[in-house]
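The structure under discussion appears below in the form of structure tokens.
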Amino acid sequence: MKKEEFLVELEDVLQREEPCNETDILEEYDEWDSLSKMAIMAFYSKNFGINVTLNDLKELKTVEDLIKLAGDKIDA
Amino acid sequence: MSLNKFNKVKISGISVVVPENEINIYDEAEYYDNSIKKIDRMRKMVGFWKRRVANKEQTALDFAYNAAINLIEEMKIDVNTIDALLYVVQKPDWLGPVNSYFLHHKLGLSKECIATDIVQGCAGWVFGLYIASQMIESGAHKKILLLNGDTPSIGIDPSDRNQAPIFGDAGSATLLEYTDQTQPSHFNIDTIGEGYDAIISPFSANRFGLNFLKDEDFEKLSILRKEKATLPTGNTQPLLGSYIDGLKVFDFTIKQVPKTIKTLLEYANTSQSDINLLALHQANKQIVQGVGTEAGFDLAKVPYEAFEMYGNNTMCSIPTVLSMLDKDIKKENVCCCGFGNGLISAAAILNLSDTYLGEIKTFKKPEYVWANTDEYIDYWRKKMQGQV
């Protein structure tokens with residue numbers, strides 16, 4: 001998946017009305033709640049075959065960190 | 001995993017009852033900063049919309065009884081031919097005797113009909129089918145009435161946004177019969193006892209001393225009742241309430257439940273494309289779709305509308321899904337999977353093509369029901385004094 005595509009998908013996964021940018025701080029999103037975290041876990045499992053844990057998500061600061069979590073599954 | 005196949009069991013009919021009282025999440029905007037957008041987001045992501053909840057005078061027993069009466073009437077069942085009654089419950093009216101004896105009496109069942117309760121939660125319908133199927137397959141019983149009832153909403157404060165919007169209450173009745181024709185059904189049950197504390201009501205019975213609180217304990221109780229625990233998510237919940245480790249449960253459902261289903265498909269020598277419908281426990285929309293996807297199903301075969309209309313009514317959710325199906329949906333190969341507190345993941349592949357599916361009915365108060373708690377207390381006072 002291309003990075004640009006991922007950012008559009010992310011907007012949908014979080015059910016956010018504003019676009020997502022790499023430098024955005026996740027904690028500053030109103031939508032960064034437990035529901036979104038579960039949606040991310042399901043999205044990574046379904047699209048990348050990666051099992052993300054809540055602890056993995058707790059470590060993240062920015063959207064860029066979220067992209068890094070997918071490793072080579074998201075093209076830079 | 002526990003894999004089993006039965007050949008002589010037919011599921012003849014299913015009937016579901018829900019309470020009249022409907023709560024719509026759009027009427028609860030006060031909990032969402034009065035923002036319709038926030039509610040829209042919840043609805044889209046998890047399917048929060050409507051749910052049916054019991055009032056405090058209604059119990060699981062009432063719903064199960066009402067569903068039984070409806071099924072007996074609709075299918076014109078001769079109650080004298082029922083030779084076993086199984087009542088699946090986790091919130092009984094009283095702890096002894098098992099509540100099925102009361103149901104046995106009120107339904108007018110015969111002395112030859114055995115009765116017992118089965119204690120299970122969200123997987124309680126599939127688990128009940130599993131027990132009943134063995135009783136029929138062994139030749140010991142010919143016609144079994146399986147009742148389910150639950151009131152998960154009782155005791156949850158409406159301001160508890162972790163739990164209140166999820167749960168609905170309901171009862172269901174299912175008739176299973178012996179058939180001469182070979183009619184295979186396949187089951188797979190995975191039991192994860194280690195997860196016993198992922199969904200638990202730790203203060204609901206005798207470990208808490210519910211039956212032997214002394215006068216002086218009530219002061220302590222009134223303080224404990226107000227205590228709230230702050231969850232890692234930042235939300236709070238009452239210490240004495242039922243506890244759900246949401247993320248642990250989510251992890252279990254997304255990883256274990258699809259495995260249970262896939263193993264069962266392999267065992268039954270079938271595939272996702274041959275299954276007409278995947279009727280999952282309606283935990284919430286996000287979980288239903290997550291499990292459906294991970295199990296390799298086209299989501300068009302995985303309904304979640306029952307959750308939107310009635311909430312997660314635990315062990316009655318699969319009967320609710322089945323009762324909402326369009327008449328023209330093929331039901332030869334239906335995969336059902338109940339999962340939840342235990343932890344347990346229980347799946348079955350069933351042939352429901354000849355199963356009577358009634359419409360979901362609104363609860364009607366049975367004649368036996370005491371008008372309120374005071375009347376109930378008064379009844380027992382008089383009974384013990386030999387006046388009733």
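The values are calculated or read from the model by the stated rules, or taken from the named source; none is laboratory data. These numbers come from a predicted model, not from an experiment. FYI the Cβ positions are ideal-geometry reconstructions off the backbone, even for glycines, and counts take in every protein chain you see. Ligands, DNA and RNA are stripped out before the accessible areas are found, and what is left, the full protein with its side chains, is counted by its heavy atoms. Shrake-Rupley method; radii C 1.70, N 1.55, O 1.52, S 1.80 Å.
For chain A, give me every one of the helices (runs of 4 or more DSSP H) that falls completely inside it and has 1 or more residues that are within 14 Å of chain B (Cβ to nearest Cβ) and not basic (Lys, Arg).
Hits in chain A: A:3-13, A:34-48, A:54-59.
Would you please name the residue that is farthest from the chain's Cα centre (by Cα), looking only at residues in the stretch B:42-97 that are within 14 Å of another protein chain (Cβ to nearest Cβ) and open to solvent by 50 Å² or more (accessible area, probe 1.4 Å)?
The residue in question is B:Lys44.
What is the residue count in the stretch B:355-388 for residues that are under 30 Å from B:Phe187 (Cβ atoms) and at pLDDT below 95?
1
Please determine whether any residue of the stretch B:286-308 is in contact with a Lys or Arg (Cβ under 9 Å, 6 or more places away or on another chain), open to solvent by 20 Å² or more (accessible area, probe 1.4 Å), assigned by TED's automatic domain parsing to the domain that holds B:Ile189 and closer than 30 Å to B:Gly108 by Cβ.
no
Here's a check for you: in the stretch B:22-41, which residue that is acidic (Asp, Glu) and within 14 Å of chain A (Cβ to nearest Cβ) is surrounded by the most Cβ atoms within 10 Å (Cβ to Cβ)?
Here the answer is B:Asp40.
For the stretch B:175-294, give me every one of the helices (runs of 4 or more DSSP H) that falls completely inside it and has 2 or more residues that are within 14 Å of chain A (Cβ to nearest Cβ).
B:246-267, B:285-294
Kindly check whether there is at least one residue in the stretch B:138-153 that is under 30 Å from B:Lys364 (Cα atoms), out of contact with any strand residue (DSSP E or B) (no Cβ under 6 Å at 6 or more places or on another chain) and open to solvent by less than 30 Å² (accessible area, probe 1.4 Å).
Yes: the stretch B:138-153 contains one or more residues that are under 30 Å from B:Lys364 (Cα atoms), out of contact with any strand residue (DSSP E or B) (no Cβ under 6 Å at 6 or more places or on another chain) and open to solvent by less than 30 Å² (accessible area, probe 1.4 Å).
Within the stretch A:15-49, can you find the residues that are crowded, with 18+ Cβ neighbours inside 10 Å and either under 20 Å from B:Leu299 (Cβ atoms) or among the small types (Gly, Ala, Ser) (or both)?
A:Gln15, A:Ser34, A:Leu35, A:Ser36, A:Met38, A:Ala39, A:Ile40, A:Met41, A:Ala42, A:Phe43, A:Tyr44, A:Ser45
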